[in-house]
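Here is the structure we will look at.
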Amino acid sequence: MPESSTKAVPAGIVEKLQSLPSLPQAASRLMQEVIKVDADMGEVSRIIQSDPGLVSRVLRLVNSPYYGVRQKVTTVEHAVGLLGLKAIESLVLSLTVFDVLSPSKQHALDLLRHWQHSISVAAAAKYIASKTGYKVPDEAYTAGLLHDTGRAILDICAPDELRKVLEALGRSGAVAVEVEREIMGVDHTGVGEFVLKKWNIPANVCAAVGLHHAESLAGLKDKSGAALAAIVQAADFLAWANGLGSLETAPKVTSTNVVEKALKGIDQAEVFQEMVNELQKTAELFGVAVPDRDELRRALSMTATELGRIHTLHRDIEGRLARKTREVEAVNILMRRARHTYNKSDVVKVLMDAVCKGLAYERAAFFDFDQDAGQIKGAAVVDITSMPADITRIVLPAAKPESPLGKIIQTGKPSLLLPSEGENGLLSAMESTEAVVAPLAAAKRIVGLVFADNYMSKRPLTAADLVSLSVLVEEAGLAFENAVLYEHAQRLRTMAETDALTSLYNRRHILHLLQNEIYRSERYRLPLSLAMIDIDRFKGFNDKYGHQAGDRVLRSFARLLKKTSRNIDIPGRFGGEEFLVILPETGVESSGVYAERVRKLAERLGARLKDRYDECSFTISIGLTSFNEKSDDMNSFIHRVDQAMYAAKQRGRNRVCAL
Ligand SMILES: [Fe+2]
Ligand SMILES: [Fe+2]
């Protein structure tokens, strides 16, 4: 027997423990029999038969679909033969301890949660034991099932003290055993070990219960006892990390070297699956209500996402590395590409790519979430299944808050979507069987939903899938936020640079651009010309037809100017009815051709306007000049083009005049 950490249980608590019911005779006798080297199957069967409650439950278990026994087993002997002595021991022990510790009165402890946790730890411990070569996996099951017995016992014998502990834990989130020791002078490992010993539970199990929160197991002489304690610690850690803790307020869950060592090479996704399976299987046997399988998976994954972030360090080393590498690569690619992405839809495209190629989902889709319209709308999809869906056709009303999708939107947390849960329009619209959905938030607002699934292979999604997706989507949220800011800045810039009426550049900006063009022309010795255009007798037009009509004409002419100009030409509104066009890389002759073309087109515009405004004729006068790098600066350049325009006016309007 290993030297366990048997703690002195304070006299006050011991006294209270006297009121604890003793373990039923049958269970005690069974313990004695099973630990014998030459345990007798016949004797074990007889002990079970002495307790009618046990008989019916043993038979129910052996006939459950889990064991797949074709012919109905009707005798205890047959059941014992099929299940084996150790399985029978675990079963009987579990059932009786469960009965003893579940009296019907007000509890400080959430007993349902407590037993769900115990069963999960039992299943995980058995799995880890069988994978690590521990000689009696069923013993690990028993130890797992009983590891927190101390807490259930305190719940019966010292409920007030336990309540104080739970309250303190809720407030501080401290380490549970430390708070217990502080308030009661003993923790649940000590109480558990103390009582289980009294009940003649095998020594290894008692020791493991006593040591299941010990930080070090070094120095224990009994190697198998130490191994069992390590297995229970690891199983306990995994249950907590997967959202199957025993308390509503999650105390600090920390991994230790013991846990790290015990979990080496263990596939944690499989452990999780084992826990869920066992909960389903034993629910009926223990009379414990267990949530529906899918609901459980979804809820657990949600918790796992949070815990996964905090405790990534403690995840399975190999699996973790492989996944992390993939995740980090995907995030890196995403960030590299997102850095050069300045619009939202490009960020989404990059994200979809990262989800599919980086995280190896078969499909990734993005849905815009429009809070005001109350709907989600398909926007982008990356699909490697060669069965692409027309995503933009999918428009769904925003889900009700209590639906799975509604919860994702409300809480902002990613989740699994499974078909069995309430209304699931998104799954059916995507013809999917299960998916992970993560909300994309930018500036704390949910702007869309990222949907990912394994459409073809139907590879089941796990909590780990959810963790990696949420890491990626969080990064994308930042890129998205940047794109929003960039677009906003662009809009502001455009507003500052353009003339609201004509959408041409305004005076300030056209002067700024002219200065740039002058530098360019000087540096590269390129010709540069300038055209100043003024609408003839515009004041008279305004007086006659009003400013609104005047504005319409200005807009028409601005459109004409834009259409007539080459890509490199820069037209702007200089003020009132005056326009300035910068003509880069253009000499005197070419600028003359340009100006004459504009003048003629303006004449044609005038002919069209005549239909509406018959008393006015619309023409323009254009001044032209070219930059002289030896004698000009910007002011003289503009002054000269202005003079040229005046000359055109003086010579009778509707003409081009170059200076
Ligand atoms: Fe515990
Ligand atoms: Fe526990």
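Descriptive notes on the structure:
- Subtracting the Cα-Cα distance of residue 548 and residue 360 from 0.36 nm times their residue separation leaves 61.7 nm of extension gain.
- Contact order normalised by residue count of the stretch 160-210, Cα under 8 Å, 6+ apart, percent: 26 percent
- The phi-based Karplus calculation (6.51 cos²θ - 1.76 cosθ + 1.60; θ = phi - 60°) puts the 3J(HN,Hα) values of the stretch 119-125 at 5, 4, 5, 4, 5, 5, 5 Hz, whole numbers, x for Gly and Pro.
- Nitroxide proxy distance, nm - points 7 Å out along Cα→Cβ at residue 400 and residue 603: 7.4 nm
- Efficiency of FRET from Cβ geometry, residue 370 and residue 610, R₀ 60 Å, rounded to 0.05: 0.80
- Along the stretch 205-215 the Karplus relation, 6.51 cos²θ - 1.76 cosθ + 1.60 evaluated at θ = phi - 60°, assigns HN-Hα couplings of 5, 4, 5, 4, 5, x, 9, 6, 10, 5, 6 Hz to successive residues, with x for each Gly and Pro.
- Distribution of pairwise C-alpha distances over the stretch 500-659, 10 Å bins, in %: 11, 42, 34, 11, 2
- Rough spin-label spacing in nm, given labels placed 7 Å along Cα→Cβ, for residue 630 and residue 267: 8.6 nm
- Extending 7 Å from Cα along the Cβ direction at residue 56 and again at residue 78 yields two label points whose distance is 1.9 nm.
- Cβ-based exposure ranking for 495, 184, 532, 41, in which fewest neighbours within 10 Å come first: 495, 41, 184, 532
- Neighbour net charge for residue 46 - beta-carbon separation under 10 angstrom, K R +1, D E -1: -3
- Taking 0.36 nm per residue of sequence separation and removing the Cα-Cα distance, the residue 487/residue 524 pair yields an extension gain of 10.0 nm.
- Residues 556, 216, 415, sorted so that the one with the fewest Cβ neighbours within 10 Å comes first: 216, 556, 415
- Taking 0.36 nm per residue of separation and subtracting the Cα-Cα distance, full extension of the segment from residue 433 to residue 649 would add 70.1 nm.
All of the numbers you see were taken from the coordinates with simple rules; none came from a lab. All of these numbers come straight from a predicted model, not from anything done at the bench. Every residue, glycine as well, gets a Cβ built from its backbone with ideal geometry; the counts of neighbours run over all protein chains shown.
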